[in-house]
Amino acid sequence: MEPRVTRWGTRFGFYLAAVGSAFGLGNLWRFPYVVADNGGGAFVFIYLALVFLIGMPFLIGELMLGKQTGSAVIPAARRMGKEPGAKEAQGRGRYISMRLLSRSGYLAIATCLMILAYYSVISGWVLHFLVRFSISALWAGDFEPNSVLAILLNNGWLQLLLTFVHLLLVMIVVIRGFEAGVESWVSKLMPVFLIMVVGLALRSLSLESSAEALRFFLYPDFSQLTTASLGRAVGQVCFTLSLGFGTMVTFGSYMSERVSVPVAGFRVAIFDSLISLVAGVMIFPLVLQSLGQGVAPTLLFESVPFLFAKEAGGEWVGIIFFFCLYVAALGSSIGLLETAVANARETSKMRRSTATIVSALICLFIAVVPALSTSVLRDQKIAGTPVLEAWDGLLVNWILPIVAVLISQVVLLRIDQSHQKEEFESVPVMAMGRLYAHWRFAIRYLAPALCLLGLILQLL
Ligand code: PFF
């Protein structure tokens, strides 16, 4: 096997990569449309509460599992049943099957590839808008947001081609090596994008519709919630914080000794949630009229381009926006593919390049269904829901929370309690000792119970 990738030399490098993976289409594309589809402010309220109650504890757990075992999720979970202490763990974990836990890594990687498949399709949509804005800016053609979107949605083969181009780029970066790939891309563009999203949010706030939009987005009207809302908020938390994929375990395994796991978990979760909130402020004033009328995953693409199309020179702003969004999507896709590759290499003798090509091909194959979902498969429904939404809903609202709970139980049972505690106590802040007890309570009882409740309520 090729030598293992070195640990991140700097704390900054770790944060860039972890935040780069967390920050992606989940914040700008998925969050606004899920909020719009679930009644607005009350959903945002639940979502934010769950970031603290479920997201942070799980995130700390996944990073800890990687850092302590120094391995990816499949081998880390597999060791559950084999190493000394397994018997003891079996005793403590009688409420959950050891066999299931030790296989949870496989489930995480299968989910990772299935999600990367449709994530690549949506990244292809971003690429399409980037190309279209560039064409109108360079050749002074008119940018007609509605027709640009219609061309994309009606042409499944175009979507498949864009998906292929995206996966090819991701593959090239991953073959070149993890650190070089992710760090350099993310570090250069993320700050530009953040400034831009904040600037656009301010511009949106100057629109007439902003007061009403903010009320919809931030005022919690609990009568708008449905029984499915809790499960959907749990799913969004897992998706946006990259939990249940095994990604954060891989990141933890690359983490240097100097980075504190609880502090990292806290910062990544706060930063990621702030970005989602700013994205909401940017998008809602633009889409106020269409809210509550069966919001679709196209929401971002139906709203933001109008902001640019209206203004003189807006094409250039469009180019910068979609370029930055594309890089964010690329950073996340790299994180997803890297997770699959790291696991393949640690569990078999596969070379990095072979593992990368095989994983990308599997994704491309799976992506055919979501890529055709708005054209050839437009009339197909799964349980009354269009294919893309059904696919996204099943993976994000059902499978991710289940896998995230399983991985958290691996952490709870497999990592020596003294090591768990050390991670908290190494931070020179007084309250950390107490936080350790809260964290254990959260991953042992609170978070699994909330996830389970979310799943059951979705069935009603
Ligand atoms: N957290 C990313 C987002 O919000 O777009 C999605 C994601 C990226 C999940 C990378 C997992 C991952 F490895």
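The table below lists the values:
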item	result
In the stretch 234-262, the residues that are more than 23 Å from Asn343 (Cβ to Cβ), at pLDDT below 90 and in a helix (DSSP H, G or I)	none
Subset of the stretch 116-127 that is of a type outside the set (Gly, Ala, Ser), open to solvent by less than 10 Å² (accessible area, probe 1.4 Å) and more than 15 Å from the chain's Cα centre (by Cα) - its residue that is nearest to the ligand (Cβ to nearest atom)	Val126
Residue that is of a type in the set (A, V, I, L, M), closer than 18 Å to Gly246 by Cα and within 13 Å of the ligand (Cβ to nearest atom), where the choices are Ala340, Ala344	Ala340
Test: residue in the stretch 264-272 that is in a helix (DSSP H, G or I), under 27 Å from Leu53 (Cα atoms), away from the ligand (no atom under 16 Å from the Cβ) and within 19 Å of the chain's Cα centre (by Cα)	yes
Ala211 vs. criteria closer than 21 Å to Phe43 by Cβ, open to solvent by 70 Å² or more (accessible area, probe 1.4 Å) and either away from the ligand (no atom under 16 Å from the Cβ) or outside any loop (DSSP other than H, G, I, E, B) (or both)	yes
Among residues of the stretch 53-73, those that are modelled with pLDDT under 95 and open to solvent by 10 Å² or more (accessible area, probe 1.4 Å), counted	4
Residue within the stretch 149-161 that is in contact with a helix residue (DSSP H, G or I) (Cβ under 8 Å, 6 or more places away or on another chain) and part of a loop (DSSP other than H, G, I, E, B) present	no
Selected residue [open to solvent by 10 Å² or more (accessible area, probe 1.4 Å) and either at pLDDT below 90 or within 16 Å of the ligand (Cβ to nearest atom) (or both)] from Val281, Val287, Val295, Val304	Val295
Test result for Val396, in contact with a Gly (Cβ under 6 Å, 6 or more places away or on another chain) and open to solvent by 10 Å² or more (accessible area, probe 1.4 Å)	no
Neighbours by Cβ (under 9 Å, 6+ apart or cross-chain): first from the stretch 317-334, on the phi > 0 side of the Ramachandran plot; second more than 8 Å from the ligand (Cβ to nearest atom)	none
Qualifying residue in the stretch 371-378 (condition: in a helix (DSSP H, G or I), away from the ligand (no atom under 13 Å from the Cβ) and either open to solvent by 10 Å² or more (accessible area, probe 1.4 Å) or touching a helix residue (DSSP H, G or I) at 6+ places or on another chain (Cβ under 8 Å) (or both))	yes
Single unsatisfied condition, His419 versus (1) open to solvent by less than 30 Å² (accessible area, probe 1.4 Å); (2) in a helix (DSSP H, G or I); (3) away from the ligand (no atom under 16 Å from the Cβ)	(1)
Members of the stretch 118-136 found to be β-branched (Val, Ile, Thr) and either farther than 16 Å from Ile334 by Cβ or out of contact with any Pro (no Cβ under 9 Å at 6 or more places or on another chain) (or both), listed by number	Val121, Val126, Val131, Ile135
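For every residue, the table says whether it meets (1) under 16 Å from Gly252 (Cα atoms); (2) modelled with pLDDT under 95; (3) not in a helix (DSSP H, G or I).
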position	(1), (2), (3)
Pro401	no, no, no
Ala404	yes, no, no
Pro428	no, yes, yes
Leu435	no, yes, no
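The values are calculated or read from the model by the stated rules, or taken from the named source; none is laboratory data. Because the structure is a prediction, the values reported are computed rather than measured. Positions of Cβ are backbone-derived with ideal geometry, glycine not excepted, and every protein chain shown enters the neighbour counts. For accessibility, only protein heavy atoms count, side chains too; no ligands or nucleic acids. Shrake-Rupley method; radii C 1.70, N 1.55, O 1.52, S 1.80 Å.
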